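The block underneath contains the structure these notes are about, expressed in structure tokens.
The values are calculated or read from the model by the stated rules, or taken from the named source; none is laboratory data. Just so we're clear, the structure is a prediction, and the values are computed from it rather than from any experiment. Neighbour counts run over all protein chains shown; Cβ positions are idealised from the backbone, glycine included.
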Amino acid sequence: MKKYPYLPKSNLKIELGEYWSLTLDNGKYAFFVFLDIPTDGDQRSVLIGLVDYTSFEPLLLNSRHKILWQSVVHIKSVAECGGLVQGKIAKLSPLLERCSHGGKHCQILCGFSPLRMATPEDMNLFDVRKASGFMVPRTVANKLLNSD
């Protein structure tokens with residue numbers, strides 16, 4: 001059984017549904033859930049999702065939350081943002097995304113898995129996959145949730 005909280009050094013022991021918290025500028029906690037992990041041997045990348053919930057406690061009690069934002073980040077983002085993996089909830093499904101801005105090789109992704117080739121209609125339906133720097137999750141969380 002895992003002991004929480006902990007600071008991950010790679011994605012090898014991360015379980016989907018585990019979440020990490022970080023302190024917002026207003027003193028509340030924001031929560032990011034691990035949505036997917038690459039299967040190609042990459043031990044540093046993870047797909048995270050910011051959920052629509054804040055609390056004065058660093059614990060996320062259930063999975064009845066909506067993903068507000070998601071991005072691929074380096075596992076070091078957890079430490080750089082001052083976070084720790086706090087626990088685990090039921091796995092949340094990643095938002096569907098496009099792998100690029102278009103073209104004949106553009107695919108629709110669910111996490112790190114391609115689902116199908118993108119259609120012209122998909123260009124307006126799905127966002128392009130984001131890859132973010134170490135501190136971007138903190139910045140985004142403060143922008144989207146700090147007014148709570």
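Of everything in the stretch 137-148 that's assigned to a loop (DSSP other than H, G, I, E, B) and either touching an Asp or Glu at 6+ places or on another chain (Cβ under 6 Å) or of a type in the set (Ser, Thr, Tyr) (or both), which residue is surrounded by the most Cβ atoms within 10 Å (Cβ to Cβ)?
Asn146
Every residue in the stretch 3-39 that is over 18 Å from Glu80 (Cβ atoms), assigned to a loop (DSSP other than H, G, I, E, B) and in contact (Cβ under 8 Å) with a residue 24 or more places away in the chain, please.
Within the stretch 3-39, Tyr4, Leu12, Glu15, Leu16, Gly17, Asn26, Gly27, Lys28, Ile37, Pro38, Thr39 meet the criteria.
Among the candidates Lys130, Lys88, Lys66, Lys76, which residue alone is over 20 Å from Lys9 (Cα atoms) and touching a residue at least 40 places away in the same chain (Cβ under 8 Å)?
Within the list Lys130, Lys88, Lys66, Lys76, the selection yields Lys130.
May I ask you to list the residues in the stretch 133-143 that are in contact (Cβ under 8 Å) with a residue 60 or more places away in the chain and β-branched (Val, Ile, Thr)?
Within the stretch 133-143, Val136, Val140 meet the criteria.
Among (1) polar (S, T, N, Q); (2) farther than 15 Å from Tyr29 by Cα; (3) in contact with a Leu (Cβ under 8 Å, 6 or more places away or on another chain); (4) surrounded by fewer than 19 Cβ atoms within 10 Å (Cβ to Cβ), which single condition is Asn124 missing?
(3)
Could you check, for the stretch 76-87, whether at least one of its residues is under 25 Å from Asp25 (Cβ atoms), of a type in the set (Val, Ile, Thr) and surrounded by 20 or more Cβ atoms within 10 Å (Cβ to Cβ)? First the steps, then the outcome.
Initially, the stretch 76-87 is screened for residues under 25 Å from Asp25 (Cβ atoms), giving 76-87.
Next, only the ones that are of a type in the set (Val, Ile, Thr) stay: 78, 85.
Pick out the ones that are also surrounded by 20 or more Cβ atoms within 10 Å (Cβ to Cβ) and you get 78, 85.
The answer is yes; a qualifying residue exists.
Does any residue of the stretch 106-114 turn out to be touching a helix residue (DSSP H, G or I) at 6+ places or on another chain (Cβ under 9 Å), over 21 Å from Gly17 (Cβ atoms) and exposed (fewer than 15 other Cβ atoms within 10 Å of the Cβ)?
Going residue by residue through the stretch 106-114, those that are touching a helix residue (DSSP H, G or I) at 6+ places or on another chain (Cβ under 9 Å) are 106, 108.
Those still in the list that are over 21 Å from Gly17 (Cβ atoms) too: 106, 108.
Right, trim to exposed (fewer than 15 other Cβ atoms within 10 Å of the Cβ) and you get none.
Checking the stretch 106-114: not a single residue is touching a helix residue (DSSP H, G or I) at 6+ places or on another chain (Cβ under 9 Å), over 21 Å from Gly17 (Cβ atoms) and exposed (fewer than 15 other Cβ atoms within 10 Å of the Cβ).
Name the residues in the stretch 40-51 that are surrounded by fewer than 21 Cβ atoms within 10 Å (Cβ to Cβ) and in a strand (DSSP E or B), would you?
Answer for the stretch 40-51, where residues must be surrounded by fewer than 21 Cβ atoms within 10 Å (Cβ to Cβ) and in a strand (DSSP E or B): just Ser45.
Sort out which residues of the stretch 3-28 are basic (Lys, Arg) and out of contact with any Asp or Glu (no Cβ under 8 Å at 6 or more places or on another chain), and write them in order of number.
Of everything in the stretch 3-28, those that are basic (Lys, Arg) and out of contact with any Asp or Glu (no Cβ under 8 Å at 6 or more places or on another chain) turn out to be Lys3, Lys9, Lys13.
Of the conditions (1) modelled with pLDDT under 95; (2) over 18 Å from Leu144 (Cβ atoms); (3) not in a loop (DSSP other than H, G, I, E, B), Thr54 fails just one. Which one is it?
Of (1) modelled with pLDDT under 95; (2) over 18 Å from Leu144 (Cβ atoms); (3) not in a loop (DSSP other than H, G, I, E, B), only one is false for Thr54: (2).
Using the structure shown, decide if Leu61 is modelled with pLDDT of 95 or more and more than 19 Å from Ala131 (Cα to Cα).
So Leu61 does not fit the description; no.
Are there any pairs, at least 6 apart or on different chains, whose C-beta atoms fall under 8 Å, with the first in the stretch 98-124 and under 21 Å from Leu47 (Cβ atoms) and without any contact (Cβ under 8 Å) to a residue 40 or more places away in the chain and the second part of a strand (DSSP E or B) and polar (S, T, N, Q), and if so, which?
Short answer, once both residue conditions are applied: Arg98/Gln107; Cys99/Gln107; Pro114/Gln107; Leu115/Gln107; Arg116/Gln107; Met117/Gln107; Ala118/Gln107.
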